[in-house]
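Below: the structure, in structure tokens.
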Amino acid sequence: MSAALLAFLLLFADGDTELGLAKATLRAKNPVRAREYFTQAATKGNAEAKLQLGIMLSNGQGGAQDLTAAREWFTKAAAQGNVPSMLNLGVLYRNGRGVEANAGGALRWYRMAADSGNATGMYWVADSHYQKKEFPQAAEWFRKASDAGDVDATLLLGYADLWRGGETLA
């Protein structure tokens, strides 16, 4: 694509155009330019671009790592209902990446994803309860995650059935 045509397209772009360009540029292995396009699309309100920009910022892909900016973009995307951004925020809070580690903050984001029907969010809600030794709540959420298709939750429930003589999830 010529530079003139690209400049013309970007003049009338609505956020989806930049998102498409960003994905194509990333596939072409130009993360610096892809990050620029994701930034343009995110600035125009595209939730998926906000997620992708947050991922690039958190990994230092296409530029410097900036966990604070990553958290800000994930938060903006999550406010638009972007479930993967909610999960990424949970990870940041759980592991203390760019924020002070905060199990309650992580649980809040995982619960938002779970309440959206996301099986991975349900799994992490269950794990959060398990870590706090809240076994009945953990079992309930592992069951929900399993019913929603999370294979790891299904395996854990199966192991719990084997542990009947000791402290179990069920």
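The values are calculated or read from the model by the stated rules, or taken from the named source; none is laboratory data. Please read all numbers here as calculations on a predicted model, not as lab measurements. Note that each Cβ is placed from the backbone with ideal geometry, even for glycine, and that neighbours are counted across all protein chains shown. Calculation scope for accessible area: heavy atoms of the full protein, side chains included, ligands and nucleic acids excluded. Shrake-Rupley method; radii C 1.70, N 1.55, O 1.52, S 1.80 Å.
In the complete set of protein chains, residue-level accessible area for ASP147 is approximately 140 Å², probe 1.4 angstrom. Relative contact order of region 102-146: 32 percent, from C-alpha pairs under 8 Å at least 6 residues apart in sequence. Entry for region 79-138 at q = 0.18 Å⁻¹: log10 I(q)/I(0) = -0.54, Debye formula applied to identical alpha-carbon scatterers, no solvent contribution. Within straight-line reach of LYS76, meaning a Cα separation under 22 Å, sit the following lysines at least 8 residues removed in sequence or on another chain: LYS23, LYS44, LYS50.
For ASN30 and THR154, the difference between the fully extended length at 0.36 nm per residue and the C-alpha to C-alpha distance is 40.7 nm. Once you place label points 7 Å from the Cα toward the Cβ at SER116 and ALA101, how far apart are they in nm? Between SER116 and ALA101, the label points sit 2.6 nm apart.
Taking the Cα atoms of region 12-111, the ratio Rg/Rh between the radius of gyration and the Kirkwood radius comes to 1.00.
With a 1.4 Å probe rolled over the protein heavy atoms of all chains, the accessible area of THR43, THR75 falls in the order THR43, THR75, largest first.
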